[in-house]
Amino acid sequence: MSKKILANDGISASGIKALETAGYEVLTTTVAQEQLVNFINEEGVVGLLVRSATQVRSELIDSCPGLKLIGRGGVGMDNIDVAYAKEKGIHVINTPASSSSSVAELVFAHLFGGVRFLYDANRNMPLEGDRNFKVLKKNYGKGTELRGKTLGVLGFGRIGQATAKIALGIGMKVIYFDPFIEDAKIDLQFFDGQSVSFTFNNSSKEEILKNSDFITLHVPAQKEYVIGKRELEMMKQGVGLVNAARGGVIDEVALIEAIDNGKVAFAGLDVFESEPVPEIRILMHPKISLSPHIGAATDEAQDRIGTELAEQIINLLT
């Protein structure tokens, strides 16, 4: 059997090393979507690794009979026809635990930046800092602290819980809604080996919307908006909202309206409805903190993802 693995959206050096040590050949050429079928068949690729860029639909699966495994570096697998692949006897793997801490830290980058207006200060200081310093100081002088505030977490899987850990560490109250997790226990571990355990009970979605000072989403892609006009109207006045989950779970038109009328103080977005071409109204809005879908894009997370993918491939195909 061929032992060629195509990492079409890249893989860490640690992942390549582990696979090569086990006798696999790792191809890291980025093949265009329309040329993927030909490449896989001509090269005799048995394993296809992707992130969010490459689509693995039923047509590709049907056209590549030699494919034995499809792997997603990360959590969400909405770019893969998972059920169809499994029906065809193909292994489908992902790395749900590897990027949790990285996404959680990005959520707090947006939150810390949001409560101190850094998203706007970083735009205006280069333009006006030398001549309007005192004006800018006044403009950004009404920050708030995260400590003591309530963070509402919509979706309490691995990433939601990793986000809750940071919130607990800085003194926030955490409440969550998840239709699949009735209660949860979180162990908060510190650098010196000490740990503290917290237990949580599921709240209703309405309770989260009404009682949270800040809300972060950690849900998979779905057909309906998780946060639309109705949900925004239920939130506290001046709420902060962060989405580092999936584009399309927040109604962006309703979000802009809620920011403009003061209901939402700021939003932090790492993902977008019309990704990879976000709407100009979102990109130009002075009260939205922006990042280009980089939740899992840390060296540490990519190392963990590569190593975990390699371990699963070796176990399943060797």
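Output yes when any residue across the range 59-71 is surrounded by fewer than 17 Cβ atoms within 10 Å (Cβ to Cβ), in contact with a Pro (Cβ under 9 Å, 6 or more places away or on another chain) and either touching a residue at least 40 places away in the same chain (Cβ under 8 Å) or not in a helix (DSSP H, G or I) (or both), and no when none is.
no
Could you check the range 107-131 and list, in sequence order, the residues that are open to solvent by less than 30 Å² (accessible area, probe 1.4 Å), in a helix (DSSP H, G or I) and more than 28 Å from GLY160 (Cα to Cα)?
Hit for the range 107-131 is ALA121, nothing else.
Of all residues in the range 81-99, how many are closer than 23 Å to GLY248 by Cβ and open to solvent by 10 Å² or more (accessible area, probe 1.4 Å)?
Summing the residues that are closer than 23 Å to GLY248 by Cβ and open to solvent by 10 Å² or more (accessible area, probe 1.4 Å) in the range 81-99 gives 7.
What is the one condition in (1) open to solvent by 30 Å² or more (accessible area, probe 1.4 Å); (2) touching a Phe, Trp or Tyr at 6+ places or on another chain (Cβ under 8 Å); (3) without any contact (Cβ under 8 Å) to a residue 60 or more places away in the chain; (4) within 20 Å of PHE112 (Cα to Cα) that ARG147 does not satisfy?
All conditions are met except number (2).
Kindly indicate the residue of the range 294-306 that is in a helix (DSSP H, G or I) and open to solvent by 50 Å² or more (accessible area, probe 1.4 Å) and also nearest to ALA97 (Cα to Cα) among those meeting that condition.
Filtering the range 294-306 for residues in a helix (DSSP H, G or I) gives 299-306.
Subset that is open to solvent by 50 Å² or more (accessible area, probe 1.4 Å): 299-300, 303-304.
Working: ASP299: 15, GLU300: 12, ASP303: 12, ARG304: 9 Å.
Across the range 294-306, the extreme among qualifying residues is ARG304.
For the range 215-250, enumerate the residues that are of a type outside the set (S, T, N, Q), open to solvent by less than 10 Å² (accessible area, probe 1.4 Å) and not in a loop (DSSP other than H, G, I, E, B). Even if it seems obvious, please write down each step before you answer.
Applying the first criterion (of a type outside the set (S, T, N, Q)) to the range 215-250 yields 215, 217-221, 223-236, 238-242, 244-250.
Going one step further and asking which of them are open to solvent by less than 10 Å² (accessible area, probe 1.4 Å), we end up with 215, 217, 227-228, 232, 235, 239-242, 249-250.
Result: ILE215, LEU217, ILE227, LEU232, VAL239, GLY240, LEU241, VAL242, ILE250.
Which of the residues that make up the range 132-159 are part of a loop (DSSP other than H, G, I, E, B) and either among the hydrophobic types (A, V, I, L, M, F, W, C) or under 28 Å from PHE180 (Cα atoms) (or both)? Talk me through it step by step, then tell me what you get.
Pass one, the range 132-159, residues part of a loop (DSSP other than H, G, I, E, B): 132, 140-149, 155-157.
Hits for the range 132-159 are LEU146, GLY148, LYS149, GLY155, PHE156, GLY157.
Test ALA104 against the criterion of being out of contact with any Leu (no Cβ under 8 Å at 6 or more places or on another chain), in contact (Cβ under 8 Å) with a residue 12 or more places away in the chain and open to solvent by less than 10 Å² (accessible area, probe 1.4 Å), and give yes or no. Explain how you work it out, then say what you get.
Working: out of contact with any Leu (no Cβ under 8 Å at 6 or more places or on another chain): yes; in contact (Cβ under 8 Å) with a residue 12 or more places away in the chain: yes; open to solvent by less than 10 Å² (accessible area, probe 1.4 Å): yes.
Against the criterion (out of contact with any Leu (no Cβ under 8 Å at 6 or more places or on another chain), in contact (Cβ under 8 Å) with a residue 12 or more places away in the chain and open to solvent by less than 10 Å² (accessible area, probe 1.4 Å)), ALA104 qualifies.
The values are calculated or read from the model by the stated rules, or taken from the named source; none is laboratory data. This structure is a prediction, so every number in the text was calculated from the model and none was measured. Methodologically, a virtual Cβ is constructed for each residue, glycine included, from the backbone with ideal geometry; neighbour enumeration extends over all protein chains shown. Please note that ligands, DNA and RNA were not included when accessible areas were found on the heavy atoms of the full protein model with its side chains. Shrake-Rupley method; radii C 1.70, N 1.55, O 1.52, S 1.80 Å.
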